[in-house]
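The values are calculated or read from the model by the stated rules, or taken from the named source; none is laboratory data. None of the values given here were measured: they were computed from a predicted structure. Note that we place each Cβ from the backbone using ideal geometry, even for glycine, and neighbour counts take in every protein chain shown. Heavy atoms of the whole protein, side chains included, go into the accessibility calculation; ligands, DNA and RNA do not. Shrake-Rupley method; radii C 1.70, N 1.55, O 1.52, S 1.80 Å.
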Amino acid sequence: MAQLILGLLIGLALLTWAASGIVQTTAREWFERDVRSRAHLVLAGASRSLSQTWDNPQELQGELLTIARDERVIAVEACGVDFSIRSSTPGFPEEFSCTQVGPRVRTSASTAFNAAESLRDWNTVAMLPTGRVQVTAMPVSAGEHELGFVIMVQDLSYIEAREGKARTFLIVIFVILAITAFGVPLLAARSARHEWSLELRRLLRGGGKHSGEFQPILSDLRELVGRMSSEQQEIPGQWTAASLKQALNRHLHGEKIVILANREPYVHQRAADGQIEVQHPASGLVTALEPVMRACSGVWVAHGSGSADRETVDLEDHISVPPGEESYRIRRVWLTEEEQQGYYCGFSNEGLWPLCHVAHARPVFRAEDWRQYRAVNQRFADAVCSEVDSRDPIILVQDYHFALAPAMIRRRLPAATIIAFWHIPWPNAERMGICPWRDELLQGLLGSSILGFHTQLHCNNFLDSVDRYLETRIDRENNAVVMRGHSTLIRPYPIALEWPNHWVETAPSPEECRAQVWRDWGLKPNALLGVGVDRLDYTKGVEERLLAVERLLERYPEFRGRFSFAQLAAPSRTTIERYSELNEAVEALAARINQRFGKDGYQPIILLRSHHEPPEVFRFYRAADLCYVSSLHDGMNLVAKEFVAARTDLKGVLVLSEFTGAARELTEALIVNPYDLEASSEALATALRMPIEEQQDRMRSMRSLLAQFNVYRWAGKMLVDAARLRNQERVAERLAERTHADIQATR
Ligand code: F6P
């Protein structure tokens, strides 16, 4: 603000300076013109008496003295046609005497001097030691007979004095204007701000009369203030595992949490050597929620998908995790081949997944898949209900696999607090409309108390879909949907990472990671490395990413033989045709690029198609010069956040698709449209050439955001919102009970 005002003042001063120059020149011209016409008037008025006294030097002198009496006339001289001085007043400047002016104005030396012709419009301004003067000459004649001419010298120094006054006047006017222009609005703004703060205070305290000025944004204001104050009250400073636990104890009285998610956080697999291995699945959902469960404890209900899962559970299908720490339990639910096919591969991943992502795969909706989806949702809902130990438990339902579960759980546990979170985008209402079972999906989700999305846009899309397809009341003030008396809050909660992150804390230093990767892949000392980490899914834009690398090598030969891109690709949903096609396409593309640019042991694309455990993934993150996240559409994308979390050395550049939720938060990344190969290959080149100081600045800023907006805050905010809702419902319930009792008593 101070800078703006300073800038405006400097501008105003320059303007004043320019204006005073213009005023000075114009005023001078006016004054000089005025003096000239005065001289002509005086001389014209005196011409008759001059001609009459022309031959009498004494009388002529008297006439000249009369003219020179005017305070601005310095001296007058009368000249003959032969340029002789006929008479002159004292002090006439020599440089303008008859002998000097005559030859200067004479038009032709060959003919006799003609004063009328030569002196027409003759005037001059000159500088004398005494100051500026105006010199005017006029012919004197007696009828047709030309007698000579008179020269009059006038003082112009008074004009300078007047110019000075005009300039001062102008500056004073500008200063007054400046004070008025800045001061008055400033005072008005101050007084308006004062009025507004009083009005806002009145509104937020909910009392007294108010003018209605803030009526249109009243609900937003209340919500904002509510959120801010609850956050401040809940956790001053940064959210941690301990503060999340504390919030849970304080607001939800330490009630245990039950999470329902298809993917389990620990998968037991029987390895080729017969040993049982524990795997951490490649899943953003697991990355985010596992630390929350470690902090809060409770039960995670999931599909038991590992080959050794059955062997590792107790009689009630439970297993305590994390191995060796055992802070919560997984409850495994077993699915038959048909159930897995219809519910997971079919309706979830061939129907809902392409429906919700703008990634050009056609959704397939089969009645049989829908039947399985409904049945499996019921099985999981029943499993959840069997895990709770109160009539009003807190249940977190995760993702598109379980759109029907919230309403199913609500039917059995009407007082439960159900928080559903949709981890993928929600499409616009038109697109949602193509699903034959859209109404059932919407109704199922509206069984929740709170329904969360990563972004406000997805919340809006959901509300629009409800508006279009269901008979409900949408409470726009509170962003809630009321269906058959039950209210569901629709809120954005951008998902985040555990911070500090235990994978980062246990990883070797970035230098060691780099040395290890360089050794493993035989990279030259001056090599540059990019990394991509994904499930092999068509929404992740892996083909576009490899094409951008190819374009980089085409456009910038300096990177050939030097830059390699390591793509860690975890096989995913491999029984679905679109995924097996993608698998082949990516392999063929990598082979083509390697064929085209690889030589003497140099391999531009290092394609690693297998499951990678987090320590290996973090080794690549910490070793790389850049990470390219090129999703064609993504709810959030936690790979982008993980790369930033991994860079404790503040090095490395994140190149990030604009179509991820993460792009709204990680604005210091190089944001690209992954379809635009020119722009994305250029961004890769920019990343590889970025000076270290700039890398550090960008990383520092993104890291501080991730530290603040971590997953404990994400979960904490949802739980605190749920607690508030729960209190409101309890109060309403008690009120209803009391009213009922009063009515009974009066009967
Ligand atoms: O992005 C949606 C999501 O459920 C993520 O939360 C998770 O990373 C991924 O899909 C897992 O997919 P799947 O469970 O099919 O392997």
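Computed from the C-beta positions of Gln275 and Arg592 and an R0 of 30 Å, the FRET efficiency is 0.20 to the nearest 0.05. Between Asp382 and Ile10, the simple label model (points 7 Å from Cα in the Cβ direction) yields a spacing of 7.6 nm. Only DSSP H runs of four or more residues enter the estimate; each adds -39500 (n - 2.57), and after division by the residues of the chain the mean residue ellipticity at 222 nm equals -15500 deg cm²/dmol.
Using 0.36 nm per residue and subtracting the Cα-Cα separation, the extra length available between Ala189 and Ser704 on full extension is 181.9 nm.
Take the Cα of Leu315, step 7 Å along the line toward its Cβ, and report every residue of the range 352-392 whose backbone nitrogen sits under 20 Å from that point. Zone members listed by number: 383, 386-388. Computing FRET efficiency as 1/(1 + (r/R0)^6) for Trp30 and Glu144, where r is the C-beta to C-beta distance and R0 is 41 Å, gives about 0.65.
Surface exposure of the chain, expressed per residue as accessible area with a 1.4 Å probe, stands at 47 Å². What the phi angles of the range 126-143 give under the Karplus curve with 6.51, -1.76 and 1.60, with θ = phi - 60°, is a coupling list of 9, 10, 9, x, 7, x, 6, 9, 10, 10, 10, 10, 9, x, 10, 9, 10, x Hz, glycine and proline written as x. Counting only cysteine Cβ atoms and a cutoff under 4.7 Å, the chain contains unmatched residues Cys296, Cys345, Cys356, Cys385, Cys435, Cys459, Cys513, Cys627.
Applying 1/(1 + (r/R0)^6) with R0 = 30 Å to the Cβ-Cβ distance of Arg250 and Thr336, what FRET efficiency is obtained, to the nearest 0.05? Kindly include the intermediate steps, with their values, before the conclusion.
Details: r = 43 Å, r/R0 = 1.44.
Rounded to the nearest 0.05, the efficiency is 0.10.
Counting charges near Leu523 (Lys, Arg +1; Asp, Glu -1) among other residues having Cβ under 14 Å from its Cβ returns a value of +2.
If you sort the three axes of the alpha carbon gyration tensor as a ≥ b ≥ c, you get a/c of 1.5 or more for the range 679-747 and a/b above b/c, which makes it prolate. Compute the label zone of Thr99 within the range 53-77: residues whose backbone N is under 17 Å from the point 7 Å along Cα-to-Cβ. Correct set: 77. Each Lys and Arg contributes +1 and each Asp and Glu -1, all at the Cβ; summed about the Cα centre of the chain, the dipole is approximately 1480 debye.
When the chain is fully extended, how far beyond the present Cα-Cα distance does Ser157 get from Thr180, taking 0.36 nm per residue of separation? Walk me through the intermediate numbers first.
On the way: separation 23, 0.36 × 23 = 8.28 nm, distance 3.54 nm.
Computed gain between Ser157 and Thr180 is 4.7 nm.
Modelled spin labels at Thr168 and Ala18, positioned 7 Å past Cα toward Cβ, are 2.7 nm from each other.
Take the eigenvalues of the Cα gyration tensor for the range 41-161, scale each by 5, and report the square roots as semi-axes in whole Å, largest first. Write down the numbers at each step before the final one.
Working: eigenvalues 98, 61, 30 Å².
Working through the eigenvalues yields semi-axes of 22, 17, 12 Å.
Label-to-label distance, Asp649 versus Gln696, with points set 7 angstrom from Cα along the beta-carbon direction: 1.3 nm.
Amide H of Val140: which non-local residues (sequence gap of 5 or more, or other chain) have their own amide H closer than 5 Å, using H built in the peptide plane? Answer set, sorted by chain and number: Leu147, Gly148, Phe149, Val150. Each Lys and Arg Cβ is given +1 and each Asp and Glu Cβ -1; about its Cα centre, the range 508-709 then shows a dipole of about 380 debye. Which shape class, rounded, prolate or oblate, goes with the range 508-709 when its Cα gyration tensor gives a ≥ b ≥ c as root eigenvalues, a/c under 1.5 marks rounded, and past that a/b bigger than b/c marks prolate? Here the range 508-709 falls in the rounded category. For the chain, the square roots of the Cα gyration tensor eigenvalues, ordered a ≥ b ≥ c, give a/c of at least 1.5 with a/b greater than b/c, which places it in the prolate category.
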